[in-house]
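Read-outs throughout are calculated quantities, based only on the coordinates presented, and are distinct from any laboratory measurement. No experiment lies behind these values; they were computed from the predicted model shown. Note: ideal-geometry Cβ built from the backbone for every residue, glycine included; neighbour counts use all protein chains shown.
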Amino acid sequence: EYPDFYKQLYRLVSPRVLFAKYRARFFSLLTKCLVRNEMLPAHLVAAFTKRLCRSALSGPPTGALFVLALVSNLLRKHPECACLIHRQGEDDIEDQFLPNEHDPVASRALQSSLWELAVYERHYHPAVATLAKSIGCAEELKAPPHDIDAFASHTYKSLFDQERKSKTRTALTFKE
């Protein structure tokens with residue numbers, strides 16, 4: 001019953017948190033506040049979704065994986081926010097989201113779209129690209145929710161070990 005709790009939590013979400021020492025703990029607590037509360041209004045969920053996606057654009061792939069898993073779970077729990085993914089418009093449409101606004105209600109996130117997912121679909125890390133492509137698909141909606149704690153605890157080393165153990169290898173050569 002803390003006044004303006006979600007407003008203060010919204011202010012904490014920034015690109016710096018993706019590099020913080022205790023980011024896994026913050027991600028876990030953020031998940032509890034957002035996913036477990038089914039009574040959140042759509043504009044608040046949309047604001048957190050947009051701010052998380054924007055923040056992860058300048059973060060490491062571990063942060064992008066966590067954000068995409070959380071966004072996927074949020075969109076499953078709050079289907080009224082599906083308009084963020086399925087909004088059709090012209091190529092030169094202006095994003096209505098106000099990224100520097102500290103109040104999630106005034107951020108105008110519901111009038112925006114999750115264009116950041118298209119950026120993640122072309123990410124250099126294959127796990128990020130695959131997860132981004134699956135968000136909003138019919139098959140993904142039928143699957144169980146993502147285990148956020150597994151995504152929150154990823155590090156560069158764990159991603160490297162995971163790729164090293166995978167059977168598919170990608171050649172990384174460059175010729176002029």
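At 7 Å along the Cα-to-beta-carbon direction for both ASP149 and CYS33, put a label point, then send me their distance in nm to one decimal. According to this spin-label approximation, the distance is 2.0 nm. Around the Cα centre of segment 1-126, unit charges on the Cβ atoms of Lys, Arg, Asp and Glu (plus for the first two, minus for the last two) sum to a dipole of about 760 debye.
Spacing of the modelled spin labels on LYS21 and GLU140, each 7 Å from Cα toward Cβ, amounts to 3.5 nm.
With a sphere of radius 15 Å drawn around the Cβ of ASP103, what net charge do the other residues whose Cβ falls strictly inside it have (Lys, Arg +1; Asp, Glu -1)? Before the final figure, lay out each step's value.
Details: positive: LYS7, ARG11, LYS50, ARG51, ARG108; negative: ASP4, GLU101.
Combined, the nearby Lys, Arg, Asp and Glu give +3.
Contact order normalised by length for segment 94-147, with contacts defined as Cα pairs under 8 Å and 6 or more residues apart; what percent is it? Walk me through the intermediate numbers first.
Details: 33 pairs, mean separation 11.2, N = 54.
Normalised by residue count, the contact order of segment 94-147 is 21 percent.
Multiplying the residue separation of SER166 and HIS102 by 0.36 nm and removing their Cα-Cα distance gives an extension gain of 18.9 nm.
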